[in-house]
Amino acid sequence: MTDLKVDVTDLKKNYGSNHVLKGINFKVKNNEVVVLIGPSGSGKSTLLRCLNKLEEPTSGSIIIDGHDISDPKTDIDKARENIGMVFQHFNLFNNLTVGENITLAPVELGKLEKEQAEFVAKNLLETVGLADKYDAMPASLSGGQKQRVAIARALAMKPDIMLFDEPTSALDPEMVGDVLEVMKELAKDGMTMVVVTHEMGFAKEVADRVVFMADGHVMEEGTPEEVFDNPQNERTKAFLDKVI
Ligand code: ADP
Ligand code: MG
């Protein structure tokens, strides 16, 4: 057994002649929180999307929990059930209530009975500070509330890794804190997490490791102290000068 949750080796992804990922090596241990930073267009979202096969890699290997997800024998739907994903724009079903948004996947995929799923959904809403929103429609919620519902929805599948792609980038500044707080709690509870974010305060406080990507390469990685206080790569320095 390995304690690696994610083991990506020499991952390449091309869109036509656009070489977006140029040989990424990326590992995440169980219970580790990795914050992925880098300029816009560097391939961060593409890397996350390859991890749950929302994108098909051009080459390289991606092993999640010991399963090679490019192996046709791997049940990709099963693998995906264990990977929670939270997007910048929430992607809630706007025609369903908050409760229905959360219970839909676990019930449809046979993971929980309807009543169990409702119980789980209510508990999760309490965890994210939205106990009173079970019957609300998404349109009645603020961006920060929607994002916390999206996190609860992902958690309802009991994933063992959570991927966050700029979860607070679309939020008004006063909403950001509540969402980051929920993510901090998750990290404290031992969730394995990969977080793409520009929230450097969160990275410093919560990340076990910071990975800096540019131009489709991992340029530098280390503890938050190493990367933020003593960056070695010129690209990292230039990037941090701009964002901090
Ligand atoms: P980041 O998340 O770091 O901003 P992305 O992974 O979104 O970067 O994008 C990296 C590059 O890949 C960009 O040049 C973008 O235009 C390109 N790209 C991303 N998704 C697609 C797609 N579905 N089709 C074509 N090109 C894409
Ligand atoms: Mg992106």
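The values are calculated or read from the model by the stated rules, or taken from the named source; none is laboratory data. All figures in this text were calculated on a predicted structure; none of them were measured in a lab. Neighbour counts are summed over all protein chains in view; Cβ atoms, including those assigned to glycine, are modelled from backbone coordinates with ideal geometry.
Cβ-Cβ distance below 9 Å, separation of 6 or more or different chains: which pairs start in segment 28-44 with a residue that is in contact (Cβ under 8 Å) with a residue 40 or more places away in the chain and end on one that is near ligand 2 (Cβ under 10 Å from one of its atoms) and among the hydrophobic types (A, V, I, L, M, F, W, C)?
VAL35/VAL196; LEU36/LEU47; LEU36/LEU48; LEU36/VAL196; ILE37/VAL196; GLY38/VAL196; LYS44/LEU36; LYS44/VAL196
Collect the residues in segment 58-89 that are assigned to a loop (DSSP other than H, G, I, E, B) and within 15 Å of ligand 2 (Cβ to nearest atom), keeping them in residue-number order. Explain how you work it out, then say what you get.
Taking segment 58-89 as the starting set, the residues that turn out to be assigned to a loop (DSSP other than H, G, I, E, B) are 58, 65-66, 69-75, 82, 87-89.
Scanning segment 58-89 gives PHE87, GLN88, HIS89.
From the residues in segment 196-210 that are crowded, with 17+ Cβ neighbours inside 10 Å and within 12 Å of ligand 1 (Cβ to nearest atom), which one is farthest from PHE26 (Cα to Cα)? Outline the logic, then answer.
Filtering segment 196-210 down to residues crowded, with 17+ Cβ neighbours inside 10 Å leaves 196-197, 199-200, 202-204, 206-207, 209-210.
Among the residues that remain, those that are also within 12 Å of ligand 1 (Cβ to nearest atom) are: 196-197.
Details: VAL196: 14, THR197: 17 Å.
This residue is THR197.
From the list MET213, MET219, MET183, MET193, exactly one residue is in contact (Cβ under 8 Å) with a residue 12 or more places away in the chain, more than 16 Å from ligand 1 (Cβ to nearest atom) and not in a helix (DSSP H, G or I). Which is it? Lay out the reasoning, then the answer.
On the way: MET213 fails: more than 16 Å from ligand 1 (Cβ to nearest atom); MET219 fails: more than 16 Å from ligand 1 (Cβ to nearest atom); MET183 fails: not in a helix (DSSP H, G or I).
Residue meeting the stated conditions: MET193.
Against the condition touching a helix residue (DSSP H, G or I) at 6+ places or on another chain (Cβ under 8 Å), away from ligand 2 (no atom under 16 Å from the Cβ) and not in a helix (DSSP H, G or I), how does PRO167 come out, does it pass? Talk me through it step by step, then tell me what you get.
On the way: touching a helix residue (DSSP H, G or I) at 6+ places or on another chain (Cβ under 8 Å): yes; away from ligand 2 (no atom under 16 Å from the Cβ): no; not in a helix (DSSP H, G or I): yes.
For PRO167, the condition - touching a helix residue (DSSP H, G or I) at 6+ places or on another chain (Cβ under 8 Å), away from ligand 2 (no atom under 16 Å from the Cβ) and not in a helix (DSSP H, G or I) - is not met.
Name, by its number, the condition in (1) β-branched (Val, Ile, Thr); (2) over 25 Å from VAL206 (Cα atoms); (3) at pLDDT 95 or above that does not hold for ILE69.
Result: ILE69 passes all but (3).
For segment 1-52, which positions are away from ligand 1 (no atom under 14 Å from the Cβ) and of a type in the set (Gly, Ala, Ser)?
Matches in segment 1-52: GLY23 only.
If you go through segment 128-157, how many residues are small (Gly, Ala, Ser), within 18 Å of PHE87 (Cα to Cα) and part of a loop (DSSP other than H, G, I, E, B)? Break it down stepwise before answering.
Looking only at segment 128-157, we keep the residues that are small (Gly, Ala, Ser), and these are 129, 131, 136, 139-140, 142-144, 150, 152, 154, 156.
Right, trim to within 18 Å of PHE87 (Cα to Cα) and you get 139, 142-144, 150, 152, 154, 156.
Next, from what is left, pick out any that are part of a loop (DSSP other than H, G, I, E, B): 142, 156.
The qualifying residues number 2.
Being over 17 Å from the mean Cα position of the chain (by Cα) and either within 12 Å of ligand 2 (Cβ to nearest atom) or surrounded by 15 or more Cβ atoms within 10 Å (Cβ to Cβ) (or both) is the filter here; which residues of segment 41-57 pass it?
Taking segment 41-57 and keeping what is over 17 Å from the mean Cα position of the chain (by Cα), we get 41, 56-57.
The answer is GLY41, PRO57.
If only one of LEU92, LEU125, LEU112, LEU96 is more than 22 Å from ILE37 (Cα to Cα), part of a helix (DSSP H, G or I) and either within 19 Å of the chain's Cα centre (by Cα) or away from ligand 1 (no atom under 16 Å from the Cβ) (or both), which one is it?
Details: LEU92 fails: part of a helix (DSSP H, G or I); LEU112 fails: part of a helix (DSSP H, G or I); LEU96 fails: part of a helix (DSSP H, G or I).
Answer to the check: LEU125.
Just wondering, is there one or more residues in segment 115-136 that are of a type in the set (S, T, N, Q), closer than 19 Å to ASP178 by Cβ and without any contact (Cβ under 8 Å) to a residue 60 or more places away in the chain? Show your work before the answer.
The initial filter retains those residues of segment 115-136 that are of a type in the set (S, T, N, Q), namely 116, 123, 127.
From what is left, the residues that are closer than 19 Å to ASP178 by Cβ are 123, 127.
If we keep only those that are without any contact (Cβ under 8 Å) to a residue 60 or more places away in the chain too, we end up with 123, 127.
Yes, that holds for at least one residue.
Check ALA117, ALA170, ALA121, ALA152 and return the single one that is surrounded by 19 or more Cβ atoms within 10 Å (Cβ to Cβ) and touching a Gly at 6+ places or on another chain (Cβ under 7 Å).
Details: ALA117 fails: touching a Gly at 6+ places or on another chain (Cβ under 7 Å); ALA170 fails: surrounded by 19 or more Cβ atoms within 10 Å (Cβ to Cβ); ALA152 fails: touching a Gly at 6+ places or on another chain (Cβ under 7 Å).
Going through ALA117, ALA170, ALA121, ALA152 in turn, the sole match is ALA121.
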